[in-house]
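Rule-based calculations on the coordinates, nothing more; no lab input. This is a predicted model, so every value here is computed, not measured. Cβ placement follows ideal geometry from the backbone for every residue including glycine, while neighbour counts extend to all protein chains displayed.
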Amino acid sequence: MGRLAQFSILVAAILLQAQRAIAEAPQATMEKVADALPELEAYALGLINGDATPGLSIAIVFQDKVVYLKGFGVRKKGRPDPVDADTVFQLASASKPISSTIVAALVGDGTVSFDSRIAEIDPAFELSEAYPTQQLTIRDLFSHRSGLPGNAGNELEGLGFDRHNILGRLRLVRPANSFRAGYSYSNFGLTEGAIAAAKAAHMSFEDLAEAKLFKPLGMTSTSARYADFLSRSNRAELHVRHDGKWQTLAKRDPDAQAPAGGVSSSARDLAQWVRLELAHGERDGKPLIGKDAIDETHAPQISLGKHPITGDPVFYALGWNVTYGRYGTVWGHAGAFSTGARTLVSLIPNEQLGIVVLANAFPTGAPEAAADTFFDLVFKGGPTRDWLTSWNTAYESLFGPAIAAAKSTYGTQPTLPSPAMALSAYTGTYENAYLGKALVTELDGALLLGLGTNSAKAYPLVHFDRDLFLCHPFDETPDLPSAVSFRIGPDGKAGQMTIEHLDELGLGTLARVKD
């Protein structure tokens with residue numbers, strides 16, 4: 001039996017179980033939803049008062065009506081400006097299902113199909129191997145089964161490279177798994193899928209998003225351009241927990257990966273998109289996007305295993321997670337920027353019920369906690385567990401150990417460190433095809449590492465031991481160190497340099513360019 005047949009049987013069995021669960025589960029009614037809203041509001045206020053996040057904005061849709069819109073807390077810690085339903089947040093990866101809807105509009109009008117080959121609509125794009133490059137489709141990229149590893153391109157974006165340069169360098173990245181054989185979440189893979197579809201329509205993705213979705217739905221505060229986000233007077237700032245309190249330490253320009261993480265919007269605008277999704281592409285009873293096309297975005301493509309909190313089976317569709325949970329099928333997606341954003345959309349299509357929760361902080365499980373508590377209130381009459389603790393624990397397990405390990409390894413210098421060589425042994429230009437050029441210079445008796453276009457990113461290097469130095473490259477965690485190690489050649493000079501925080505893909509070693 002082939003892999004596709006096995007997958008189809010698995011999905012069919014889970015669907016049958018879900019249908020049985022739906023038949024047995026209590027149904028949502030307007031009365032139940034209305035009764036849940038005051039308790040949800042009290043819960044949201046508790047999240048703010050409990051310092052789970054500085055600000056929060058919530059939209060709820062039921063039976064094609066926006067039944068709740070409200071903001072809580074502040075846009076920026078230390079300032080009085082309140083969050084409301086019109087406050088614009090950076091959505092991070094909650095941009096992915098929005099981009100899926102936009103591409104579905106092109107599928108619906110026949111411009112592309114989800115099985116259009118990238119080689120035919122954007123022939124300049126390449127993976128590391130010839131066969132996947134020729135067979136790769138929009139579907140593969142929107143379901144994260146291209147083989148591209150998760151961080152591919154993210155580090156280049158952090159160094160200031162533009163979208164064209166980043167997508168062009170993905171051909172240098174070794175696959176995380178065989179083509180279509182496994183799931184590997186890729187921001188720039190999905191970005192390429194959307195960009196290629198837009199090219200088939202002879203438009204930029206940003207213009208396509210406005211023409212096909214934002215303008216038709218009246219989403220006047222929504223954009224896939226960072227400049228538009230910055231132009232909003234009512235916008236939420238990013239916050240991270242530092243020194244025990246929420247602080248605004250960094251900005252995030254996600255233009256390079258706009259389809260995957262660069263959309264900004266408000267709860268009010270997103271409620272209109274949720275209405276469209278739950279109505280299978282209709283707006284006020286009239287078709288805006290073809291039903292077959294938008295429904296295809298919700299069809300499971302690859303298994304993700306079990307839900308990290310509930311243990312329910314989860315699949316990835318096309319820009320959507322599909323969970324077969326306690327209240328039926330759920331279409332959802334979360335978003336996060338480590339620089340300070342958390343977002344969530346969660347829809348129960350059989351109940352025509354959906355919630356959007358936007359938060360201006362990271363890490364926090366507040367969006368999931370609010371959504372899960374709301375669904376419990378509707379279907380069970382009260383919370384079934386402490387969702388905030390469960391979700392916060394899950395996020396801490398993802399990021400906490402790596403941060404603790406780095407601080408443990410480099411937090412204290414050896415008691416008797418070996419001295420560095422003369423700084424001139426390390427200075428010079430280094431290069432590889434993926435990261436481009438890096439410039440190590442001497443400034444005021446110390447080393448300075450310049451990375452990115454025209455050394456846009458500059459990090460002081462602090463000596464740690466012999467030929468190993470430390471930098472602090474993360475604005476959101478300024479006390480988190482990362483190693484930069486040099487390898488000395490027979491001429492007494494460093495012949496290569498490895499930058500730890502850029503070496504996840506094995507592409508962080510750069511060779512000295514001969515003088």
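If the viscosity is 1.567 mPa s and the temperature 4 °C, what Stokes-Einstein diffusion coefficient in µm²/s follows for the stretch 273-377 when Rh is the Kirkwood radius over Cα pairs? It would help to have the intermediate numbers written out before the result.
On the way: Rh = 14.5 Å.
Here the translational diffusion coefficient equals 89 µm²/s.
At q = 0.17, 0.22 Å⁻¹, what log₁₀ I(q)/I(0) does the stretch 423-512 have when each alpha carbon counts as one equal point scatterer in the Debye sum?
Summing over Cα pairs of the stretch 423-512 leads to -0.66, -1.15.
Report, in deg cm²/dmol and to the nearest 500, the calculated mean residue ellipticity at 222 nm for the chain, where each DSSP H run with n ≥ 4 adds -39500 (n - 2.57) and the sum is divided by the residue count.
The helix-only estimate for the chain comes to -10000 deg cm²/dmol at 222 nm.
At a Förster distance of 30 Å, what's the computed FRET efficiency of Lys65 paired with Thr384, Cβ-Cβ distance as r, to 0.05? Could the numbers behind the result be given before it?
Details: r = 26 Å, r/R0 = 0.87.
The calculated FRET efficiency here is 0.70.
Based on the alpha-carbon gyration tensor of the stretch 323-365 and its eigenvalue square roots a ≥ b ≥ c, which shape applies: rounded if a/c is under 1.5, prolate if not and a/b is larger than b/c, or oblate?
Details: a/c = 3.61, a/b = 2.56, b/c = 1.41.
Cα axes put the stretch 323-365 in the prolate bin.
Could you pull out which residues in the stretch 427-441 have an amide N less than 15 Å from a spot 7 Å beyond the Cα of Leu172, following the Cα-Cβ vector?
430-439
With all distinct Cα pairs included, what does the Kirkwood hydrodynamic radius of the stretch 112-200 come out to in Å, to one decimal, could you say?
Values: mean 1/r = 0.0794 Å⁻¹.
After inverting the mean inverse Cα-Cα distance, the result is 12.6 Å.
Can you list residues from other chains, or at least 5 along the same chain, whose modelled amide H is less than 5 Å from the amide H of His307?
Asp312, Val314
Ignoring solvent entirely, what values of log10 I(q)/I(0) come out of the Debye formula for the stretch 386-427 at 0.15, 0.26, 0.27 Å⁻¹ when each Cα is a single scatterer?
Log10 I(q)/I(0), no solvent term: -0.61, -0.88, -0.90.
Roughly what % of Cα-Cα distances in the stretch 31-137 sit above 17 Å, to the whole percent?
71 percent
How much length would be gained if the chain were fully extended between Ala422 and Lys306, taking 0.36 nm per residue of separation minus their Cα-Cα distance, in nm to one decimal?
Values: separation 116, 0.36 × 116 = 41.76 nm, distance 5.37 nm.
In short, 36.4 nm is gained.
Size of the dipole of the chain about the Cα centre, Lys and Arg at +1 and Asp and Glu at -1 on the beta carbon, nothing else charged, in debye to 20?
Values: 46 positive and 56 negative charges, 42 e Å.
For the chain, the charge dipole is close to 200 debye.
Scan (1) 1.09; (2) 0.99; (3) 0.97 for the value of Rg/Rh (Cα atoms, Kirkwood Rh) calculated from this model and give just the label.
Correct label is (2).
Anything in the chain that counts as a DSSP H helix reaching 30 Å or more along its axis (C-alpha) with Kyte-Doolittle mean of at least 0.0? List them, would you?
Details: long enough: 3-24 (32 Å, 1.03); 387-410 (35 Å, 0.09).
Helices meeting the criterion: 3-24, 387-410.
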